[in-house]
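The values are calculated or read from the model by the stated rules, or taken from the named source; none is laboratory data. Please read these numbers as outputs of a predicted model, since none were measured by experiment. Glycine gets a Cβ as well: all are built from the backbone with ideal geometry, and neighbour counts include every protein chain shown. Please note that ligands, DNA and RNA were not included when accessible areas were found on the heavy atoms of the full protein model with its side chains. Shrake-Rupley method; radii C 1.70, N 1.55, O 1.52, S 1.80 Å.
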Amino acid sequence: MNKGDRIEKESFEIIEAGCDLSAYDERQKRVVMRLIHTTGDFEFAKMTLFSPNAIERAMDALERRLPVICDVNMVKTAITAKYTEAVGIERHCFITNENVAVEAAAQGKTRAEYSMEYAARHYPDAIYAVGNAPTALLKIMELHKEGLINPALVIGLPVGFVMAAESKATLAESGMEYITNIGTKGGSPCAGAVVNALIKIKAGI
């Protein structure tokens, strides 16, 4: 075990000793611990939410090598490339796509919002990971209601004070499979951390 692995192992031992994770099953606990490790915030032990079949849906999606669609490039970057390579999946973010930028401006939408519409036409059943833009998460739910998208899993962890908490609360009532949290905390590193945790569970790493 190299020095980095030893530090991570010790960190996880500190996390497990420092908070009550009894509300989560073993696989959920690994996701929550990864969130705490990423943020240094023990509150994720109290505010992380899973739909009943979220982990199973994630494992199935990874087995089928469905891609991960990210709302911003920071989420894509936070997903470790060697992990995605280990399970043979792709990461996509369309927010900087030229067509997305042009159409978003023409329709008066945010690029994050329109990028979800663009993704839905190409990858309606992918894993969707939102770590920055509540508008992207709200658009996913709108597309789902319209029958235009049926994600394998929605990882909804946008951060901020405008519609972030509300969008996550709505996700928890959406009928989709999800991993999210209560309140304003979250962010791109959190969304990436959840994807990394799920891949590590699937790959046994």
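Quick notes on this one:
- Applying 0.36 nm per residue to the separation of MET47 and ALA86 and subtracting their alpha-carbon distance, the gain on full extension is 11.1 nm.
- In the complete set of protein chains, residue-level accessible area for GLU146 is approximately 110 Å², probe 1.4 angstrom.
- Radius of gyration and maximum dimension Dmax of region 127-172, Cα, Å: 9.8, 29
- Taken as Cα centroids, region 12-52 and region 73-107 sit 27 Å apart, rounded to the nearest whole angstrom.
- Over all other residues within a Cβ to Cβ distance under 15 Å of ILE149, the charged ones net out to -3, with Lys and Arg as +1 and Asp and Glu as -1.
- Global form of region 14-77, assessed from the alpha-carbon gyration tensor, a/c cut-off 1.5: oblate
- Per residue solvent-accessible surface (Å²) - the chain, probe of 1.4 Å: 47
- Electrostatic bookkeeping for PHE44 treats Lys and Arg as +1 and Asp and Glu as -1; over the other residues with beta carbon under 10 Å from its beta carbon, the sum is +1.
- Secondary structure note: in the chain, about 20% of the DSSP beta bridges are antiparallel.
- Annotated for region 1-114: lysine pairs at least 8 residues apart or interchain, Cα distance under 27 Å, count 12.
- In straight-distance terms, cross-link reach from LYS145 covers every one of the aspartates and glutamates whose alpha-carbon lies under 18 Å from its own, apart from those fewer than eight places away in the same chain; here that gives GLU113, GLU117, ASP125, GLU166, GLU173, GLU177.
- Structure-based [θ]222 nm, the chain - -39500 (n - 2.57) summed over DSSP H runs of at least 4, per residue, nearest 500: -16500 deg cm²/dmol
- Packing-based ranking, highest mean first, of 58-64, 178-184 given that Cβ atoms within 10 Å are counted: 178-184, 58-64
- With the simple spin-label model, which puts each label point 7 Å out from Cα in the Cβ direction, the THR96 to ALA203 separation comes to 2.3 nm.
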